[in-house]
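Working notes, structure below.
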Amino acid sequence: MTESYTVTVEPLGSEISCRADQTILDACLREGIWLPHACTHGTCGTCKAEILDGEADLGDASPYALLESERDEGAALICVATPRSDLVIEGEVDVEDGIEIHPVRDYAGTLEVLEDVAPGVRRLVIALDTPMAFNAGQYVQLTLPGGGTRPYSIASPPSQADRIELQVKRTDGGAATAGWIFAGLAVGDRIAVAGPYGRFCFNPAREEPVLLLGTGTGLAPLAAIVRTILDLEEQQGWERPVVLYHGTSTVEGLYDRAWYEELAETRDWFDYRPAVSQEDCGGRRGRVPALMAADFPRASGHVAYVCGSPAMVEDTMKALMKARLFPRYIYREDFFDAADRASGANVVRSPLIRR
Ligand SMILES: Cc1cc2nc3c(=O)[nH]c(=O)nc-3n(C[C@H](O)[C@H](O)[C@H](O)COP(=O)(O)OP(=O)(O)OC[C@H]3O[C@@H](n4cnc5c(N)ncnc54)[C@H](O)[C@@H]3O)c2cc1C
Ligand code: FES
């Protein structure tokens with residue numbers, strides 16, 4: 001049997017049990033202790049914590065996200081670090097008002113829908129054996145048939161707890177996508193899922209008008225947010241303006257366009273703005289940060305949710321800050337992959353930015 005150790009999480013003083021083969025973050029999230037995290041693969045640096053006492057294996061932490069000097073000073077990326085003795089760690093335990101914590105659990109499900117929605121983009125619907133509670137914007141980890149996991153944002157709303165939708169882009173040479181989701185995966189297959197993860201959570205308690213900015217399958221968590229707002233509209237009404245930008249390189253990439261256009265026609269509060277960079281789309285041409293900057297020379301007073309490749313997220317962050325919308329009003333989800341990890345793209349620079 002694998003040995004277990006006690007991890008004390010300061011400043012809470014909470015004690016949890018963590019197996020020697022389990023990451024410290026995983027043990028915390030399964031006990032409902034909400035510590036900052038984003039990629040959960042040792043790439044972004046969001047989960048950096050101090051090991052105050054005890055020994056840990058630092059695991060597969062990116063050298064860009066955890067510098068040699070930080071390792072020497074006792075820091076660890078707890079999404080990849082495992083205990084080698086009882087530990088005391090200090091993390092930034094902050095739960096935002098209006099966000100409910102849902103402990104991470106393992107789930108199993110059956111693939112019910114697998115459809116091509118745009119060139120190189122597939123929609124998956126997984127019927128879970130048991131429902132999963134989550135916040136709109138969060139993600140799950142899929143276990144690959146050959147082992148290993150990959151994170152994918154949930155595109156369906158929390159009200160649909162037993163049937164989660166994912167929207168996945170094919171990556172050339174990618175183990176999960178080119179090697180599985182776009183290769184052997186078939187309707188009826190069983191899939192192992194863990195979740196929910198992430199701090200990219202829609203907060204319905206916030207009262208600002210909403211900007212949703214995504215490129216490619218960065219639309220997925222934004223779709224969950226729009227669908228959650230529709231649930232809220234039905235339950236209690238909704239009037240706050242919501243503007244959705246979806247960036248793609250070609251018109252064909254604007255998957256689910258008809259649905260968003262119909263929504264924009266039937267709801268005064270909703271506006272859909274496609275941002276196609278390499279073709280004319282019957283509207284304006286350009287990238288998300290540029291179109292947003294033209295529309296909102298002053299974005300202060302809004303709350304923004306930004307999701308896509310690390311480069312797109314970084315450019316959009318800069319455009320938002322130039323428009324005087326500051327980090328505490330911005331939530332970001334960077335779709336890091338193995339190539340970003342190898343290049344050290346976009347590790348955490350400011351603890352103020354909500355990832
Ligand atoms: C929080 C989060 C949520 C996400 N949500 C979504 C989502 O909803 N939809 C979506 O489509 N994607 C999402 N992603 C991205 C997704 O998790 C995968 O990274 C992506 O699908 C690629 O996985 P893969 O296994 O196919 O590719 P990988 O096998 O991870 O490889 C990715 C690329 O890196 C290259 N590569 C591999 N190893 C190296 C190396 N050592 N050096 C240089 N290059 C290398 C590969 O050739 C390939 O081109 C999300 C990512 C994060 C962090
Ligand atoms: S969450 Fe640990 S490095 Fe990204």
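The values are calculated or read from the model by the stated rules, or taken from the named source; none is laboratory data. Quantities reported herein were computed from a predicted structural model and do not represent experimental measurements. So basically every Cβ, Gly included, is an ideal-geometry build from the backbone, and we count neighbours across all protein chains shown. Keep in mind that these areas ignore ligands, DNA and RNA; they rest on the heavy atoms of the full protein, side chains included. Shrake-Rupley method; radii C 1.70, N 1.55, O 1.52, S 1.80 Å.
Given that compact globular proteins tend to follow 2.2 N^0.38 Å, what is the ratio of the alpha-carbon Rg of region 105-197 to that value?
0.99
Order Phe270, Phe335 by their accessible area, 1.4 angstrom probe, all chains in place, largest first.
Phe335, Phe270
At 37 °C and a viscosity of 0.692 mPa s, what translational diffusion coefficient does Stokes-Einstein give for region 1-158, taking Rh as the Kirkwood radius over Cα pairs? Give it in µm²/s as a whole number.
Once the numbers are plugged in, D ends up at 192 µm²/s.
Quick one: Cα convex hull volume of region 123-272, Å³ per residue?
Value for region 123-272: 123 Å³ per residue.
Size of the dipole of region 105-197 about the Cα centre, Lys and Arg at +1 and Asp and Glu at -1 on the beta carbon, nothing else charged, in debye to 20? Don't skip to the answer; put the middle values down first.
On the way: 8 positive and 9 negative charges, 40 e Å.
Here the size comes out at about 180 debye.
For the chain, what does the helix formula give at 222 nm: sum of -39500 (n - 2.57) over DSSP H segments with n ≥ 4, over the residue count, nearest 500 deg cm²/dmol?
Mean residue ellipticity, 222 nm, calculated: -5500 deg cm²/dmol.
Once region 4-90 is represented by equal point scatterers at the alpha-carbon sites, with solvent omitted, what log10 I(q)/I(0) does the Debye formula produce at q = 0.15, 0.18 Å⁻¹?
The computed values of log10 I(q)/I(0) come out as -0.44, -0.65.
I'd like the Karplus ³J(HN,Hα) series for region 94-110: coefficients 6.51, -1.76, 1.60, θ = phi - 60°, whole numbers in Hz, and an x wherever there's a Gly or Pro.
9, 10, 6, 4, x, 10, 8, 8, 10, x, 6, 9, 8, 10, 10, x, 10
So, with a 1.4 angstrom probe, what is the percent of accessible area on the chain that is carbon and sulfur? Working shown, then result.
Values: 7250 of 15200 Å².
Taking all protein chains in place, the chain shows 48 percent carbon and sulfur surface.
Can you name the helices of the chain, as whole DSSP H runs, whose Cα span along the helix axis is 24 Å or more and whose Kyte-Doolittle mean is not below -1.0?
Numbers: long enough: 219-236 (25 Å, 0.53).
Span-like helices here: 219-236.
Across region 210-343, what fraction of all alpha-carbon pairs, as a whole percent, falls in each successive 10 Å bin from zero upward?
Bins of 10 Å from zero give 12, 43, 35, 8, 1 percent of pairs.
Residue-wise, which Karplus ³J(HN,Hα) couplings in Hz belong to region 175-188, taking 6.51 cos²θ - 1.76 cosθ + 1.60, θ = phi - 60°, and x for glycine or proline?
Those phi angles translate into 5, 6, 8, 4, x, 8, 4, 9, 10, x, 4, 9, 3, x Hz.
In whole Hz, with x marking every Gly and Pro, tabulate ³J(HN,Hα) for region 276-282 from phi via Karplus 6.51 cos²θ - 1.76 cosθ + 1.60, θ = phi - 60°.
9, 8, 10, 8, 7, 10, x
With the Cα gyration tensor of the chain in hand, give its eigenvalues times 5 under a square root as the equivalent ellipsoid semi-axes, listed largest first in whole angstrom.
Value: 33, 23, 20 Å, ordered largest first.
Which sequence of Glu333, Glu3, Glu96, Glu261 reflects their accessible areas, 1.4 Å probe, from the largest down?
Reading off the accessible areas and sorting them downward yields Glu3, Glu261, Glu96, Glu333.
How much net charge surrounds Gln278 when only other residues with a Cβ under 14 Å from its Cβ are counted (Lys, Arg +1; Asp, Glu -1)?
Computed value for this residue: 0.
What whole-number distance in Å separates the alpha-carbon centres of region 173-195 and region 284-344?
Cα centroid of region 173-195 versus Cα centroid of region 284-344: 29 Å apart.
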